[in-house]
Amino acid sequence: MTVTGAMEKAHRGEETTPLLQVRDLTVAFAQKRTVPWRAAGTVTAVQGLSLELDAGRTLGLVGESGSGKSTTARALLHLIRPAAGTITAAGFDVASFGRRVPIGYRRAVQAVFQDPLGSLDPTHVIGDIVAEPLSIHFDMRGADRDRRVTALLDQVGLAAHHTRRYPYELSGGQRQRVAIAKALAVEPRLIILDEPVSALDVSVQSQIINLLEDVQEGTGVAYLFVAHDLAVVRHTSDDIAVMYRSRIVETGPADRICERPAHPYTEALLAAVPDPDPARQRVQRERRHRLRAAAADRAAGGPRQTAPAGTPGCPFVARCPHRMPVCTRSFPDWTPVAGGGRVACHLYAEVDRAEPGTGVTPEPEEQR
Ligand SMILES: Nc1ncnc2c1ncn2[C@@H]1O[C@H](COP(=O)(O)OP(=O)(O)O)[C@@H](O)[C@H]1O
Ligand code: SF4
Ligand SMILES: [Mg+2]
């Protein structure tokens, strides 16, 4: 469920249990010593992350490289253990898992990664790769299993003769189709898609995105769609969560996020996405111009402020054209946004706007 959806349902007094619910997830990695006299530290890759996703829906998790998206995905798959927070998915409490992930969870929650060559066994033909989960989870054998493999390949747009091919004999798009077929074999309720089209040509990207949409329509599976490119998730997602340097900074319905972004980082992400509509292209040009001008003003005003992941302030402070003194001191409270969702930015918090001496007044357009 979306944060918006959850709030609306709570308002109506309806009891809801989202398919996926993450609360205050924090993941830290031990950092190797770079020099002998400096103590080994930790990198906080994900900090205080909360999100929700309803059955059959798509949540886009978007942010530039290094923002913590894959770490979030890996924590959901129990490939790494979080330092704090809770994850419940398909009725499972992920924190209660031991070293082995319960078979029921592996069936309910599947994953497709950017590079299917890494996840498809190179020594097996496609038919065996797709058959394996059918044997493990449904104890399928013989002709029944062969028929199901052919049907799954057909579902992802691959002819039956591909069963005899090895992964290296297929194109990147075909391999990603196999990875999707393998995930679908266990009839999951949620598929975590970590940059599923980032390694593909643009024309192939849209084919895979169309396939994912068809699959969702046919099966009702939910997607957590991770991408560094907002253009990839804007049309596929019902809702979007924008991540920057270990934190989610804005959430909301995909249309609202892309038409009226609230967070300065979401604005910057959006400014990088070309829009075919000339009127919107003009708005984008103006937005880019405004962001560049503000960045130049800031550069003229002194050295860049930095806020490494894990520090208390806003993670975007070093690049933000609207930054204020308060922005380095505390992570902003969440503020609801008109049109749905929430933003974590001091520009939107009444108490911060009233703070004297900030020197920055948000432009009227930003005061939504
Ligand atoms: N196994 C690891 N050990 C140490 N640091 C890691 C590890 N995995 C990820 N990180 C760090 O965590 C941060 C987030 O990485 P990641 O989740 O891969 O980001 P994204 O998927 O958004 O590109 C990065 O700074 C990365 O260097
Ligand atoms: S909190 Fe401050 S630095 Fe962060 S995005 Fe908002 S205005 Fe910019
Ligand atoms: Mg990643």
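Checking Gly66, Gly85 one by one, the residue that is touching a residue at least 24 places away in the same chain (Cβ under 8 Å), under 11 Å from Val27 (Cβ atoms) and more than 16 Å from ligand 2 (Cβ to nearest atom) is Gly85 and no other. Within the option set Gly218, Gly252, being assigned to a strand (DSSP E or B) and not aliphatic (A, V, I, L, M) holds for one residue only, Gly252. Looking for something at pLDDT below 95 and either assigned to a helix (DSSP H, G or I) or of a type in the set (S, T, N, Q) (or both) - is there at least one such residue anywhere in the range 236-245? Yes - at least one qualifying residue is present in the range 236-245. Checking Arg256 against (1) modelled with pLDDT of 95 or more; (2) within 16 Å of ligand 1 (Cβ to nearest atom); (3) not acidic (Asp, Glu): exactly one of these is not met. Which one? Evaluating Arg256 over (1) modelled with pLDDT of 95 or more; (2) within 16 Å of ligand 1 (Cβ to nearest atom); (3) not acidic (Asp, Glu) leaves (2) as the failure.
If I filter the range 143-150 for residues that are part of a loop (DSSP other than H, G, I, E, B), closer than 29 Å to Ala55 by Cα and not hydrophobic (A, V, I, L, M, F, W, C), do I get at least one hit? The answer is no, given that none of the residues of the range 143-150 is part of a loop (DSSP other than H, G, I, E, B), closer than 29 Å to Ala55 by Cα and not hydrophobic (A, V, I, L, M, F, W, C). The condition (being surrounded by fewer than 17 Cβ atoms within 10 Å (Cβ to Cβ), assigned by TED's automatic domain parsing to the domain that holds Glu195, of a type in the set (Gly, Ala, Ser) and not in a helix (DSSP H, G or I)) is satisfied by just one residue among Gly98, Gly118, Gly104: Gly98. Among the numbered conditions (1) surrounded by fewer than 16 Cβ atoms within 10 Å (Cβ to Cβ); (2) out of contact with any Pro (no Cβ under 9 Å at 6 or more places or on another chain), the only one that Tyr166 does not meet is (2). Among the residues of the range 50-84, the ones that are assigned to a loop (DSSP other than H, G, I, E, B) and within 9 Å of ligand 3 (Cβ to nearest atom) come to 4 in all.
The values are calculated or read from the model by the stated rules, or taken from the named source; none is laboratory data. Because the structure is predicted, anything quoted here is derived from the model rather than measured. We place every Cβ from the backbone using ideal geometry, glycine too, and count neighbours over all the protein chains shown.
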